[in-house]
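Accompanying notes for the structure given below.
The values are calculated or read from the model by the stated rules, or taken from the named source; none is laboratory data. Fair warning: this is a prediction, and the values are worked out from it, not measured in the lab. Cβ placement follows ideal geometry from the backbone for every residue including glycine, while neighbour counts extend to all protein chains displayed.
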Amino acid sequence: MIEIDGLTRRYGRTTAVDHLSLTVRPGHVTGFLGPNGAGKSTTLRMILGLTTPTSGTVTVSGVRFRDLPRGLRHAGALLDAGDVHGGRSARAHLAALARSNGISVGRVDEVLRQVGLESAAGRRVGGFSLGMRQRLGIAAALLGDPPVLLFDEPFNGLDPEGVRWVRKLFRRLAAEGRTVFVSSHLMGEMEHCADHLVVIGRGRLIAEESLAEFAARAGRSEVVVRTPDPASLGTTLTTEGASVRPDPDGTLAVTGLTAERIAELALGLRIPLHELTTRTASLEEAFMALTAADVEYATGEDR
């Protein structure tokens, strides 16, 4: 478990993290979201003791990470896939981490197999692609078999097979009872692998809730209707107080009435329905709606 209480980090007049309090619990894949400059990377670094808070506290399993002996046994992290000496082989890099944390060197080949880098174990990291470096970073995070895992942008550079593998890995780790905290800008991937979300903006907490609860925050739910007589049905639905928008594919997007009520009205008019689907806001739509005021670098189109 990761517990953050009143965490603040200032750089001169700039506040990167502002009195942030939250709990990341085991058994979940918790997504960590926020616009650029929201303070996500700074928060992750403070969790691991790499950046000192201006005020507030953060603990891993009840203890400050920097006070834990052999840290990789308690928490594993991928913060920067490029932060590896390019002249070392993958095996040598992991072996050095293992020795410094009292981990059996035999564990090195286990995690290399787990991430699919067994055949590249003897190659220098400087020749690795970004996707291979990401896999190596994940191997390093798994090296101590820790109960807490943190990942910053782990999907970058991975091919579709790699993305799917990472999704399954995160879900499996959470199912084993571990704390899995994942920061990413890729909303589609977070929607597929996270079941809980923490969202921050300008260093402050915006939301800490389940994925479903967060998506519902956008307040947008509409019913997609396909019918051979859209004009007649659309007129009736508008009369009933609904907002009706014809879409380019010939469907009607209806808000203000439930699917059940639309079906009743269509039945009364003997208008056949070929599709009647309730569509809720996506994670991306909910995120954009709720963080609009916290975007640091907005384009003209975003205003």
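Step by step: first the residues of the range 178-194, then only those that are touching a Lys or Arg at 6+ places or on another chain (Cβ under 9 Å) and among the hydrophobic types (A, V, I, L, M, F, W, C), then the one that is surrounded by the fewest Cβ atoms within 10 Å (Cβ to Cβ). Which residue is that?
Checking each candidate, the answer is C193.
Within the range 19-32, does at least one residue satisfy the condition of being closer than 26 Å to R171 by Cα, surrounded by fewer than 18 Cβ atoms within 10 Å (Cβ to Cβ), in contact with a His (Cβ under 8 Å, 6 or more places away or on another chain) and among the charged types (D, E, K, R)?
Scanning the range 19-32, I find at least one residue that is closer than 26 Å to R171 by Cα, surrounded by fewer than 18 Cβ atoms within 10 Å (Cβ to Cβ), in contact with a His (Cβ under 8 Å, 6 or more places away or on another chain) and among the charged types (D, E, K, R), so the answer is yes.
With respect to G137, determine if the residue is under 28 Å from P35 (Cβ atoms) and either crowded, with 20+ Cβ neighbours inside 10 Å or at pLDDT 95 or above (or both). Show your work before the answer.
Numbers: under 28 Å from P35 (Cβ atoms): yes; either crowded, with 20+ Cβ neighbours inside 10 Å or at pLDDT 95 or above (or both): yes.
Yes; evaluated as a whole, the condition is true for this residue.
If V111 satisfies all but one of (1) out of contact with any Leu (no Cβ under 6 Å at 6 or more places or on another chain); (2) crowded, with 18+ Cβ neighbours inside 10 Å, what's the number of the condition it fails?
In the conditions (1) out of contact with any Leu (no Cβ under 6 Å at 6 or more places or on another chain); (2) crowded, with 18+ Cβ neighbours inside 10 Å, V111 misses (1) alone.
For the range 245-255, indicate whether the set of residues that are at pLDDT below 90 and touching a Phe, Trp or Tyr at 6+ places or on another chain (Cβ under 6 Å) is non-empty.
Looking for residues that are at pLDDT below 90 and touching a Phe, Trp or Tyr at 6+ places or on another chain (Cβ under 6 Å), one finds none in the range 245-255, hence no.
Check the range 229-252 and report whether any residue there is touching a residue at least 40 places away in the same chain (Cβ under 8 Å) and outside the structural domain of H28 (by TED's automatic domain parsing). Step through it out loud before you land on a result.
Start the filter on the range 229-252 by keeping residues that are touching a residue at least 40 places away in the same chain (Cβ under 8 Å), which leaves 229.
The next check asks that each one be outside the structural domain of H28 (by TED's automatic domain parsing); those that pass are 229.
Yes - at least one qualifying residue is present in the range 229-252.
Among the residues of the range 240-270, what is the count of those that are farther than 11 Å from V225 by Cβ and assigned to a helix (DSSP H, G or I)?
Step one: list which residues in the range 240-270 are farther than 11 Å from V225 by Cβ, which gives 240-241, 243, 248-249, 255-256, 258, 260-261, 264, 267-270.
Add one more test, that the residue is assigned to a helix (DSSP H, G or I), and what stays is 260-261, 264, 267-268.
Summing the residues that are farther than 11 Å from V225 by Cβ and assigned to a helix (DSSP H, G or I) in the range 240-270 gives 5.
G177 fails exactly one of the following numbered conditions: (1) without any contact (Cβ under 8 Å) to a residue 60 or more places away in the chain; (2) part of a loop (DSSP other than H, G, I, E, B). What is the number of that condition?
For G177, the failing item is (1).
Could you tell me whether G201 is buried (at least 16 other Cβ atoms within 10 Å of the Cβ) and without any contact (Cβ under 8 Å) to a residue 60 or more places away in the chain?
Numbers: buried (at least 16 other Cβ atoms within 10 Å of the Cβ): yes; without any contact (Cβ under 8 Å) to a residue 60 or more places away in the chain: no.
Answer is no for this residue.
Looking only at strands (runs of 3 or more DSSP E) that lie completely in the range 13-124, which have at least 3 residues being in the same structural domain as H185 (by TED's automatic domain parsing) and among the charged types (D, E, K, R)?
On the way: elements: 14-24, 29-33, 55-60, 75-78.
Those strands (runs of 3 or more DSSP E) do not exist here; none qualify.
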